[in-house]
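The values are calculated or read from the model by the stated rules, or taken from the named source; none is laboratory data. As the structure is a prediction and not an experimental result, all values here were calculated from the model. Positions of Cβ are backbone-derived with ideal geometry, glycine not excepted, and every protein chain shown enters the neighbour counts.
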Amino acid sequence: METNYAWGQGALADTSLAERLVGKRITGAATAIANIATASALSTAFGVAATLGAPSLDKLPHALELSAIPLAFGAFYAPSVWVLLTLFNRTIEAGDVARAAMRTVSVTGIVLGGFAPAVAFFELTSGTGAATAFAAFLELVAISTAGLLALRTFVRDTWVALHPSERDALARTLLVILVCLGVVLGARFYPAILSDLHGGFSR
Amino acid sequence: MITTTASITELLRSPRAVASRIREGRELRPLATASILSIMIGSATYGGVVGSYRGGLQIAFAALKFPMVAVLTLALVAPALVGLAAALDRRVALAQTSALALAATARASLVLLAIAPALALAMGMSVGYQTSALLAAIGFGLAGLAGLVMLWHGIGDGGGRATLAALTVGVYLLVSGQAAWALRPWLVRPSSDIVFVRPPGEALVEELPRTARSAAGDYDAERSRERAHERAADTRPAMTRGPR
């Protein structure tokens, strides 16, 4: 997969946080850790923004949980994909899968972080029960968007990392199964976290 | 050196050229000045016309609040656009995204400026509240399309262009809708008081279907009666409350 340079060839793009986070050049462990920390902070910022309608320190751990889900995905699903693909004689480097997982965490963080100011605004300007429920619904849509874009990144990066001659139906099937598992993971945990942040949203 | 006036002309005539200026980071200062001027003048004029439905102080209030909605929306949409663009593998910087969102809003505001006399004429012909609201919304929609053209060129070719544009427009509609709702009232019925901002009460999501029904002629009589009672209750306290 190639980065699209149609937007951002100027000098301004070189200093971009987005480029540093989701760019392909991860030069070492320090950069990787810094990227994961930044992405997690951005996801947490989204969680904190979602609590602003009725702020409480008790909700802070739930805001932190938001950043834990992509990390859990990276920690459990990425090794599983590498093992399964290798088991079926597909040539793929563990490092490539790790990089794909890291970009998945980064994409989730940057999308959620981007939505955070708008979410904060919705929370602060929603007065009644219906308005806060609608804000919670929009937050679920934002989280779903982030999750789907992150899954897309993981699948595309993994696909590109495969040897071209091995990009066949079996590899495609494995990745589709992975996407389904990712969607189930997100559907299982994200609404529950939103419910904790909003107090009974899922009901 | 491109002047501010030339930048305004370019915003209207050649969104593609403006988009390439933003991409290259070239002459952004006059573009930003032109964009901010366009937003202030265009949206304030349109706001003033919308406020003229009620007249008086509401003209000034609406003229002041319209640019606030535009700028607030810009500030909230730009970070989302950066995140979405990065997720779709497009290299972007916040400065470029902000410049693009600013230019798109400026183009829309200039179209609002162009539409304002027609809206003023329609309102001067004593059309009803619902028709005025509908006409103002149509004008806003047309201006939004002009802004979308700017955004489309700014995003540039490549994979994910339509997805990014659709997501951005979705975020823009939601945020601008909420910003406008938070800063209501705009038209103000003759029977209502003029205030700068109403306290948070009903939700936009509750009001939209009701407004759509009202616009279709199915006016909620029950709600109207409730409102009348509320207004009457508001005027009573001075006479009835307190120790006798």
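State whether the residues of segment B:95-107 include one that is facing chain A (nearest Cβ under 8 Å) and in contact with a Pro (Cβ under 6 Å, 6 or more places away or on another chain). No, that holds for no residue.
Screening segment A:33-62 for residues that are in contact with a Lys or Arg (Cβ under 9 Å, 6 or more places away or on another chain) and aliphatic (A, V, I, L, M) and picking the one that is surrounded by the fewest Cβ atoms within 10 Å (Cβ to Cβ) gives A:ALA34.
Given the residues A:ALA118, A:ALA131, which is the only one that is part of a helix (DSSP H, G or I) and modelled with pLDDT of 90 or more? Write out each step before concluding.
Values: A:ALA131 fails: modelled with pLDDT of 90 or more.
So the residue among A:ALA118, A:ALA131 that is part of a helix (DSSP H, G or I) and modelled with pLDDT of 90 or more is A:ALA118.
If you go through segment A:70-99 and keep only what is within 17 Å of A:VAL183 (Cα to Cα) and either out of contact with any Gly (no Cβ under 8 Å at 6 or more places or on another chain) or modelled with pLDDT of 85 or more (or both), you end up with A:PRO70, A:LEU71, A:ALA72, A:GLY74, A:ALA75, A:PHE76, A:ALA78, A:SER80, A:VAL81. Every test in (1) surrounded by fewer than 24 Cβ atoms within 10 Å (Cβ to Cβ); (2) modelled with pLDDT under 90; (3) within 14 Å of another protein chain (Cβ to nearest Cβ) is passed by B:THR131 save one, and that test is (3). Taking residues in segment A:121-132 that are within 7 Å of chain B (Cβ to nearest Cβ), and partners anywhere that are assigned to a helix (DSSP H, G or I) and aliphatic (A, V, I, L, M), the pairs with Cβ atoms closer than 6 Å and at least 6 places apart or on different chains are A:PHE121/B:LEU76; A:PHE122/A:ALA135; A:THR125/B:ALA182; A:SER126/A:ALA135.
For residues that are at the interface with chain A (Cβ under 8 Å from one of its Cβ atoms) and buried (at least 23 other Cβ atoms within 10 Å of the Cβ), scanning just segment B:57-78, find the one that is nearest to A:ALA120 (Cα to Cα).
Going through segment B:57-78, the residues at the interface with chain A (Cβ under 8 Å from one of its Cβ atoms) turn out to be B:72, B:75-77.
Filter once more, so that each one left must be buried (at least 23 other Cβ atoms within 10 Å of the Cβ): B:76-77.
Working: B:LEU76: 9, B:VAL77: 12 Å.
Per the stated criteria, the residue is B:LEU76.
On the basis of being in contact (Cβ under 8 Å) with a residue 40 or more places away in the chain and surrounded by fewer than 17 Cβ atoms within 10 Å (Cβ to Cβ), does A:GLU65 make the cut? No, not satisfied.
The residues in segment B:31-60 that are modelled with pLDDT under 90 and either in contact with a Lys or Arg (Cβ under 8 Å, 6 or more places away or on another chain) or assigned to a helix (DSSP H, G or I) (or both) can be counted, and the count is 1. Selection within segment A:134-166: residues that are over 22 Å from the mean Cα position of the chain (by Cα) and either in a helix (DSSP H, G or I) or closer than 23 Å to B:LEU174 by Cβ (or both). The member of this set that is nearest to the other protein chains (Cβ to nearest Cβ) is A:PHE134.
Residue by residue, here is whether (1) part of a helix (DSSP H, G or I); (2) facing chain A (nearest Cβ under 9 Å); (3) within 12 Å of the chain's Cα centre (by Cα); (4) surrounded by 16 or more Cβ atoms within 10 Å (Cβ to Cβ) holds:
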position	(1), (2), (3), (4)
B:GLY83	yes, yes, no, yes
B:ALA122	yes, no, no, yes
B:LEU135	yes, no, no, yes
B:MET150	yes, no, no, yes
B:VAL175	yes, yes, yes, yes
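Looking at segment A:24-83 only, could you name the residues that are outside any helix (DSSP H, G or I) and not aliphatic (A, V, I, L, M)? Listed by number, the residues that qualify are A:LYS24, A:ARG25, A:THR27, A:GLY28, A:THR51, A:GLY53, A:PRO55, A:SER56.
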